[in-house]
1. I'd like to know if the stretch 78-86 contains one or more residues that are touching a strand residue (DSSP E or B) at 6+ places or on another chain (Cβ under 6 Å), at pLDDT 95 or above and over 18 Å from Trp13 (Cα atoms).
2. Criterion first (within 22 Å of Thr3 (Cβ to Cβ), at pLDDT 95 or above and among the small types (Gly, Ala, Ser)) does Gly145 satisfy it?
3. Could you check the stretch 78-126 for strands (runs of 3 or more DSSP E) lying wholly inside it with 3 or more residues that are out of contact with any helix residue (DSSP H, G or I) (no Cβ under 8 Å at 6 or more places or on another chain) and within 19 Å of Ala28 (Cβ to Cβ)?
4. Filter the stretch 24-34 down to residues that are over 25 Å from Glu127 (Cβ atoms) and free of Cβ contacts under 8 Å to residues at least 40 places away in the same chain, then give me how many there are.
5. Can you spot a residue in the stretch 132-151 that is crowded, with 19+ Cβ neighbours inside 10 Å, under 20 Å from Trp36 (Cβ atoms) and either touching a Ser or Thr at 6+ places or on another chain (Cβ under 6 Å) or of a type outside the set (Phe, Trp, Tyr) (or both)?
6. Residues of the stretch 42-77 being part of a loop (DSSP other than H, G, I, E, B) and either touching a Cys at 6+ places or on another chain (Cβ under 6 Å) or of a type in the set (Val, Ile, Thr) (or both), which ones?
7. Identify all residues within the stretch 28-58 that are surrounded by 14 or more Cβ atoms within 10 Å (Cβ to Cβ), in contact with a helix residue (DSSP H, G or I) (Cβ under 8 Å, 6 or more places away or on another chain) and over 26 Å from Asp128 (Cβ atoms); write none if there are none.
8. All but one of (1) in contact (Cβ under 8 Å) with a residue 60 or more places away in the chain; (2) of a type outside the set (Phe, Trp, Tyr); (3) under 14 Å from Leu68 (Cα atoms) hold for Gly84, so report the exception by its number.
Amino acid sequence: MCTLTALQLPIEWSEFGWPEAPRLGNVALTTGDPKWAWTPSAPAFGMHTMEVPPTTEVLGFVIDHVVLLVPDLAAAISRFDTIGLEPRLKMMVRGRPAAFFRGGPVIEVIESPVRQASIYGIAVGAEDSLESLSIAWKAKGLSVGAVKVEIKPGRRIMTIHDLDAGCAVMSQDAAVDGRLSASS
């Protein structure tokens, strides 16, 4: 099975109190224009790929999901099929067709009015309470939104604003619990 192993996004990870190149669960993060790395191969979206960089593990966090915007959901499903990934769920997300794949973290693919596929952002699963993280990150100068109820029952989410890529932090669920425990 193909697995997402690294992401590069225009986010300064050190602003969260993390190392400049953190590893959350099994996914390495770096700062820069959007790129990704997959093992053994990436889906053919014409996006830039990268080598997995050296990172420092950050305990208590995992990449819950990555949001990928695509101009054509059916074509995206075909591209994921070529690397052996099938959609686990299809539904409407904010009025747009979407499909969800398990490629290590969940890959949420949303049909959007974009010219080509692009990584929109990430959602991070957190072991600590969202309220504690909100207070700590606001003290570091981050613009943190209110903690809200998520679409998935039993989960909550907060958004980090004023970044050059989408970034949200989510409370744990049963699937994330196992990944957090395994990384600590």
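1. Taking the stretch 78-86 and keeping what is touching a strand residue (DSSP E or B) at 6+ places or on another chain (Cβ under 6 Å), we get 80, 85.
After this cut, where a residue has to be at pLDDT 95 or above as well, the list is 80, 85.
Filter once more, so that each one left must be over 18 Å from Trp13 (Cα atoms): 80, 85.
Looking for residues that are touching a strand residue (DSSP E or B) at 6+ places or on another chain (Cβ under 6 Å), at pLDDT 95 or above and over 18 Å from Trp13 (Cα atoms), one finds at least one in the stretch 78-86, hence yes.
2. Values: within 22 Å of Thr3 (Cβ to Cβ): no; at pLDDT 95 or above: yes; among the small types (Gly, Ala, Ser): yes.
No; evaluated as a whole, the condition is false for this residue.
3. Details: elements: 89-93, 96-102, 106-111, 118-126.
Of the strands (runs of 3 or more DSSP E) lying wholly inside the stretch 78-126, those with at least 3 residues that are out of contact with any helix residue (DSSP H, G or I) (no Cβ under 8 Å at 6 or more places or on another chain) and within 19 Å of Ala28 (Cβ to Cβ) span 118-126.
4. Pass one, the stretch 24-34, residues over 25 Å from Glu127 (Cβ atoms): 32-34.
This time we only want the ones that are free of Cβ contacts under 8 Å to residues at least 40 places away in the same chain, so: 32-33.
Within the stretch 24-34, residues that are over 25 Å from Glu127 (Cβ atoms) and free of Cβ contacts under 8 Å to residues at least 40 places away in the same chain number 2.
5. no
6. Of all residues in the stretch 42-77, those part of a loop (DSSP other than H, G, I, E, B) come to 42-48, 50-55, 58-60, 71-72.
Residues satisfying the conditions are Val52, Thr55, Val58.
7. Pro43, Phe45
8. Result: Gly84 fails condition (3) only.
The values are calculated or read from the model by the stated rules, or taken from the named source; none is laboratory data. Because the structure is predicted, anything quoted here is derived from the model rather than measured. Glycine also receives a Cβ, built like all others from the backbone with ideal geometry; neighbour counts cover every protein chain displayed.
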